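Bear in mind these aren't lab numbers, they're just calculated from the coordinates by the rules spelled out. Nothing here was measured: the structure is a model prediction, and the numbers come from that model. Cβ placement follows ideal geometry from the backbone for every residue including glycine, while neighbour counts extend to all protein chains displayed.
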Amino acid sequence: MKFCYTENMAIGLKDKYGATLTTEAAMGKLERRLAAIWLEFVTGFLWWGVGEMPFHHFRRFFYRLAGMKIGKNSTLHMRARVYDPRNISIGEDTLIGERVVLDGRDTLTIGNHVDIATGAMIFNSHHDIHDPTFGPIELKNTIEDYVFIGPNAIILPGVKIGKGAVVGAGAVVTKDVEPLTIVGGVPAKEIGKRQVAELNYVLGRARWFQ
C-alpha cells in the first residue's frame, strides 16, 4: 500500500465553520493570519506609540515609514487612529485633527488643503449584514481638495466628497457629495452651497504639541 502526498490533501484541520481544510488552504490561512497579526502590531504601534507623541515631524516620519503617503506641509494631530496606512494617501497642506479615524483597508485618497476636524471618522470597510458569514464590504473613499469635514462626522465606505464640499459636525455621509455642497444630518443631506467663486486658500501651520 503506497501513501501519496499531495499539496491539496486534507490534514484534519477545520476552519471556524467546521469545514475540513486542505494543506494548501491551511497554509494560506496561516499566511493571512500572520500578515494580519503583523498589521495589528504596526497599527498598535502607530496608535499607542506614534499617535501619543506631541511632535508632528516624529509622527510624519513613522506614518510614512509604515507606508502612508503624506504630502508637503500636511500633518496628523495626536491620537489619530489608522487602519492599514499602506492604502492611505494625503495631499499637501492638509490637516487631520485629533482622534480622527482613517481607514486604509481599501484605498483612501485625501486631497490638498483638506481640513478634517476632531473626531471625524472615515471608513471604507464594514460588515455585510446580509451575508451569512458576516463578511466585509470594502470600497474606496475619495476626499477631494479644499473639503472641510466637521467634528465627529462619519464618512461611510464608497463615498466621494467633491472639491470644496463641507460636511457638518456629526453628519453621517452615506453617498457622494457634490463639489461646494454643504451637507448635514443623519443621513447627511444637502443643506446649502458654499458661496465662493474660487478656492485658493492655504491652511498653514499646524498647532505645535498637538
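Here is how the numbers come out for the structure above:
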| quantity | calculated |
| --- | --- |
| Residue range of the chain that is longest and free of trypsin sites (Lys or Arg not before Pro) which are both DSSP loop and sparsely packed (at most 13 other C-beta within 10 Å) | 73-174 |
| Residues D176, D103 arranged by fewest to most Cβ contacts within 10 Å | D176, D103 |
| Helix axis angle, 23-44 relative to the chain longest principal axis, alpha carbon, degrees | 30 degrees |
| Residue-averaged 222 nm ellipticity for the chain, from DSSP H runs of 4+ at -39500 (n - 2.57), nearest 500 | -5000 deg cm²/dmol |
| Cross-link pairs beyond the 28 Å C-alpha cut-off, checked among K140/K193; K29/K160; K29/K140; K14/K175; K69/K163; K69/K160 | K29/K160; K14/K175 |
| Sequence-distant residues sharing a close amide H with I191 (under 5 Å, placed H) | I182, V183, G184 |
| Chymotrypsin sites (Phe, Trp or Tyr not before Pro) restricted to DSSP loop in region 44-74 with at most 10 other C-beta within 10 Å | none |
| Counted charge near M78, where neighbours are those whose Cβ lies closer than 12 Å (Asp, Glu -1; Lys, Arg +1) | +3 |
| Mean-position separation - Cα centroids, region 95-140 and region 154-174, in angstrom | 11 Å |
| Sorted peptide list for 149-155, 166-172, criterion being average Cβ within 10 angstrom, highest first | 149-155, 166-172 |
| Crossing angle, helix 56-65 versus the chain [Cα axis fit, 0-90 degrees, rounded to tens] | 30 degrees |
| Residue-span extension gain [K14 to E138] - 0.36 nm each, minus C-alpha spacing | 42.0 nm |
| Debye log10 I(q)/I(0) at q = 0.15 Å⁻¹ for region 55-193, Cα point scatterers | -0.67 |
| Over 13 Å [Cα-Cα, region 87-134], rounded percent | 63 percent |
